[in-house]
C-alpha cells in the first residue's frame with residue numbers, strides 16, 4: 001500500500017490501575033478527546049487495560065486472541081469513530097499456562113484486527129530495591145511486525161524494544177515507529193527521550209511514543225513523557241505526567257525532504 005495520505009496521530013497517555021473496566025472508561029474518554037482534535041490514528045500505552053498490584057494480575061487478565069472484553073472494546077471503538085486504533089499492549093494467552101504474551105494489536109476503521117505484534121525483548125533490571133524480570137511471566141515473541149495503512153508503513157514495538165535499534169532497521173524504511181511503553185521512572189529519566197529521538201533520526205521517520213505516566217495504585221511510578229517526534233528529531237508535542245492526549249500531524253513531505261537532503265538510509269552499508 002503506497003503512503004499517499006497525511007494523518008493526524010495521537011498518543012493517549014494513561015495511568016492505568018487494577019480494574020479493567022475503569023481503564024477502558026478512561027481510554028474511551030481519551031479517544032473521544034483525540035477524535036475531537038481531528039485524530040485519525042490513536043495509540044494506547046503498554047498495559048493500558050491493567051496495571052495491578054503484581055505481575056500475576058496481568059497474567060490472570062489475559063485473553064485468547066480474538067476473544068475477550070478488551071478486544072471487543074477495541075473493535076467497537078475503532079468502528080464507532082472510524083479510526084485506526086493501535087492497542088499499545090494487552091495480555092494474551094501464551095503457550096505456557098503460567099505466562100502471557102505482551103501483545104500490540106492493530107484495528108482498522110471497520111473494527112477489524114489487521115495486525116498483531118508480540119513483544120520480543122523482555123525487560124530485566126535490578127538496582128537497589130527496584131527489580132523487574134519480565135521473562136518470569138511473559139513468553140517472548142519472535143517476529144518483527146510492520147503494518148501498511150493508508151497513512152504509510154508503521155513499525156510496531158513495545159517499551160524495552162526501544163533499546164534494540166536492529167529491530168527497527170529490520171523493518172526500515174517505515175513512515176512511523178510506535179513505542180507504547182510503561183517505562184520505569186528510573187530508566188526513563190535517564191534514557192527515554194534520547195533513545196526515542198535517536199530512533200526517529202536514524203530511521204528518518206516520525207516516532208510516536210506513548211507511556212503510562214504517573215503514580216499507579218500499586219505504588220509504581222512510570223515515566224510518561226509521551227511525545228511525537230519528526231524525522232529530524234524535533235519533538236512536536238509531549239506530555240510529562242498524567243492522563244492526556246499528545247497530538248501532531250504526520251507529513252509525508254517532511255519525510256521526503258529529510259531523506260532527500262540527508263540520504264542516510266540510501267548510504268547504509270550493513
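Observations on the model:
- Looking across region 187-204 at every residue that is closer than 19 Å to residue 261 by Cα and free of Cβ contacts under 8 Å to residues at least 40 places away in the same chain, the one that is surrounded by the fewest Cβ atoms within 10 Å (Cβ to Cβ) is identified as 198.
- Every residue from region 1-23 that is more than 18 Å from residue 246 (Cβ to Cβ), surrounded by fewer than 19 Cβ atoms within 10 Å (Cβ to Cβ) and either at pLDDT 95 or above or in contact with a strand residue (DSSP E or B) (Cβ under 7 Å, 6 or more places away or on another chain) (or both): 1, 17, 18, 19, 21, 22
- Restricting region 224-270 to residues that are in contact with a helix residue (DSSP H, G or I) (Cβ under 7 Å, 6 or more places away or on another chain) and buried (at least 18 other Cβ atoms within 10 Å of the Cβ) leaves a set whose member that is nearest to residue 173 (Cα to Cα) is 231.
- When residue 72 is tested against (1) under 15 Å from residue 104 (Cα atoms); (2) touching a strand residue (DSSP E or B) at 6+ places or on another chain (Cβ under 7 Å), just one condition goes unmet, and that condition is (2).
- Scanning region 24-49 for residues that are at positive phi and crowded, with 24+ Cβ neighbours inside 10 Å returns a single hit, 47.
- Residues of region 115-147 satisfying the condition of being under 16 Å from the mean Cα position of the chain (by Cα) and either part of a strand (DSSP E or B) or over 19 Å from residue 166 (Cβ atoms) (or both): 115, 116, 117, 118, 146, 147
The values are calculated or read from the model by the stated rules, or taken from the named source; none is laboratory data. Note that this is a predicted model, so its numbers are computed, not measured. Neighbour counts run over all protein chains shown; Cβ positions are idealised from the backbone, glycine included.
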